[in-house]
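The values are calculated or read from the model by the stated rules, or taken from the named source; none is laboratory data. Just so it is clear, the structure is predicted and the values come from calculations on it, not from any experiment. We place every Cβ from the backbone using ideal geometry, glycine too, and count neighbours over all the protein chains shown.
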Amino acid sequence: MSDKEVSKRQQRKEQLRRKERRSRLLSIGLISVGVLFLAFLFIYPSIKPIAEVLPAPVIDYPNADFNAAGNPDAPIKIEEYADFQCPYCRLFYENTEKLLMDNYVANGTVYFVYHSFGEFIGAESSAAAEAAYCAGDQDKFWQMHSTLYTNQTGENVGAFSDRRIIAFAEQIELNMEEFNTCFDSGKYADLVNEDGKNGLLAGVQATPSFIMSYTVNGETKTKVIQGAQPYEVFQQEIEAALAEMNQ
């Protein structure tokens, strides 16, 4: 074999080696880019800036006790079943709740209790409810309740992510060590699930729904008020119940 043929063969081998090297480097590069991209997708949600936390308006919840307000011995009891992600629940909170507190809860006519409705809309629903109950351990259930509704931005869009919920807890000045212990442990997960089951047993089909109960001549009567009804509807139902009880 001539020196010329040997030289060409060596050139071809060298070209093949270079091509293989480039292919390996390209493969390594693509794998590295893919790994970095996946790492970015995994890490970014925990480092991206969260939306501004808006302060909630101040509402007086008379004789607040965990998730209840008012006198437990009031002649009328109203139990709300709601979802912090529900836009109609927010409408009730914004338009009607304060009027009920001022006109019927404060004077001892109505005892008002808030219940979640389990994981009705999604995982963020139960997370928000658990956060409110954890805040209740520090006598700030209603402050968290108001902050959640004030910062509601949609259903299952991250408005009630863990990072946002922690920011809400800081906003209402909770003891963060106690709150994080409660929230991270899922202390109130069972209660939230029980809320959902109890709501269904009570005939709740959508949020918000309200179970109004009162006693006439020893007989307990109940009425379901569905939807974000205006204050006048609640006023009418409460006054009718009072008249029936001769109060």
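At-a-glance table
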| read-out | value |
| --- | --- |
| Filter result for the condition that a residue is in a helix (DSSP H, G or I), out of contact with any strand residue (DSSP E or B) (no Cβ under 6 Å at 6 or more places or on another chain) and of a type outside the set (Phe, Trp, Tyr), over Asp195, Asp190 | Asp190 |
| Candidate set: region 102-120, residues that are among the polar types (S, T, N, Q) and in contact (Cβ under 8 Å) with a residue 40 or more places away in the chain; chosen: the one surrounded by the most Cβ atoms within 10 Å (Cβ to Cβ) | Ser116 |
| Residue list for region 174-186, restricted to those being in contact (Cβ under 8 Å) with a residue 12 or more places away in the chain and surrounded by fewer than 18 Cβ atoms within 10 Å (Cβ to Cβ) | Asn175, Glu178, Asn180, Gly186 |
| Tabulated pairs, region 135-155, first at pLDDT 95 or above, second charged (D, E, K, R) and surrounded by 17 or more Cβ atoms within 10 Å (Cβ to Cβ), C-beta under 7 angstrom, 6+ apart or interchain | Tyr149/Arg90; Gln152/Arg90 |
| Conditions (1) under 30 Å from Glu232 (Cβ atoms); (2) surrounded by 24 or more Cβ atoms within 10 Å (Cβ to Cβ); number of the one not met by Leu99 | (2) |
| Test: Ile211 is of a type in the set (A, V, I, L, M) and part of a helix (DSSP H, G or I) | no |
